[in-house]
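Working notes, beginning with the structure itself.
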Amino acid sequence: MPGFPALFLDRDGNLIEDHHHTCQPEQIQPIAGVREALIACLGAGYHLFILTNQSGIGRGIFTWEHYHACNARMLELLALPSPGIREIKAAPERPDQPSEYRKPSPKFIQEMIERHGLDPARSWMIGDRVTDWDAGLNAGIRSCAVRSGAPFTPELEVNARARGVCFHQDFPSFVRLELGL
Ligand SMILES: [Mg+2]
């Protein structure tokens with residue numbers, strides 16, 4: 001049964017500038033062109049989701065309150081038309097803690113495919129880190145790496161390309177060149 005196409009979006013370094021454990025609303029700065037790219041995706045019928053690892057909570061660096069305030073500021077600045085971002089999921093655990101949802105876990109993506117009737121063959125996970133790409137691949141959807149966040153090495157790129165991950169400069173480039181929007 002064909003379903004809706006979807007984009008699973010990493011937050012920091014993909015939608016907004018990554019300030020390393022971003023936790024203050026005044027730090028929130030959408031990456032250039034992201035708003036327009038998201039609006040184009042909504043217009044093309046993509047369901048939008050955000051999946052973010054927030055180990056700063058598990059490490060005690062900031063609180064859920066800080067996290068929610070940052071999301072509120074991001075959504076305010078993005079000002080997307082309805083339905084906007086359908087669901088946002090954060091995994092607060094440290095990398096060394098057990099976690100159901102922390103990327104590279106595919107659990108959130110799998111749940112959304114089921115709940116929203118999504119088409120895995122037309123869905124993508126986009127982010128700046130290996131854990132993002134692996135979450136998408138583990139869920140059986142395609143993955144795209146963007147260079148707008150964490151630095152990455154040629155070795156990392158070779159490894160990712162070997163596994164079918166595509167690379168783009170940033171999310172707006174992905175939307176333009178890969179989705180044709
Ligand atoms: Mg990121």
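Using the structure shown, decide if S143 is in a loop (DSSP other than H, G, I, E, B), under 18 Å from A6 (Cα atoms) and away from the ligand (no atom under 12 Å from the Cβ).
no
If you check L177, L118, L181, which single one turns out to be surrounded by 19 or more Cβ atoms within 10 Å (Cβ to Cβ), over 16 Å from the mean Cα position of the chain (by Cα) and more than 16 Å from the ligand (Cβ to nearest atom)?
L118
Quick check on the range 16-39: of everything there that is among the hydrophobic types (A, V, I, L, M, F, W, C) and more than 17 Å from L181 (Cα to Cα), which residue is nearest to the ligand (Cβ to nearest atom)?
I16
Does the range 126-138 hold any residues that are in contact with a strand residue (DSSP E or B) (Cβ under 7 Å, 6 or more places away or on another chain), assigned to a helix (DSSP H, G or I) and not polar (S, T, N, Q), and which are they?
D132, W133, A135, G136, L137
Please go through the range 40-56 and pick out each residue that is farther than 13 Å from L179 by Cβ and either surrounded by 21 or more Cβ atoms within 10 Å (Cβ to Cβ) or touching a residue at least 40 places away in the same chain (Cβ under 8 Å) (or both).
H47, F49, I50, L51, T52, N53, Q54, S55
Can you name every residue in the range 23-61 that is touching a helix residue (DSSP H, G or I) at 6+ places or on another chain (Cβ under 6 Å), closer than 18 Å to A72 by Cβ and assigned to a loop (DSSP other than H, G, I, E, B)?
Those that are touching a helix residue (DSSP H, G or I) at 6+ places or on another chain (Cβ under 6 Å), closer than 18 Å to A72 by Cβ and assigned to a loop (DSSP other than H, G, I, E, B): C23, I28, Q54.
Scan (1) more than 17 Å from G136 (Cα to Cα); (2) more than 11 Å from the ligand (Cβ to nearest atom); (3) not β-branched (V, I, T) for the single condition F8 breaks and write down its number.
(1)
Quick check on S123: is it polar (S, T, N, Q), in a loop (DSSP other than H, G, I, E, B) and surrounded by 19 or more Cβ atoms within 10 Å (Cβ to Cβ)?
Answer is no for this residue.
Just checking, how many residues over the range 70-87 are out of contact with any Leu (no Cβ under 8 Å at 6 or more places or on another chain) and either within 14 Å of L48 (Cβ to Cβ) or surrounded by fewer than 17 Cβ atoms within 10 Å (Cβ to Cβ) (or both)?
8
Does D134 meet the test of being buried (at least 19 other Cβ atoms within 10 Å of the Cβ) and without any contact (Cβ under 8 Å) to a residue 40 or more places away in the chain?
yes
Read-outs: derived from the displayed coordinates by stated rules, not from any lab. Quick caveat, the model's predicted, so the values are computed rather than measured. A quick note on method: Cβ atoms are made from the backbone with ideal geometry, for glycine too, and the neighbour counts reach across all protein chains shown.
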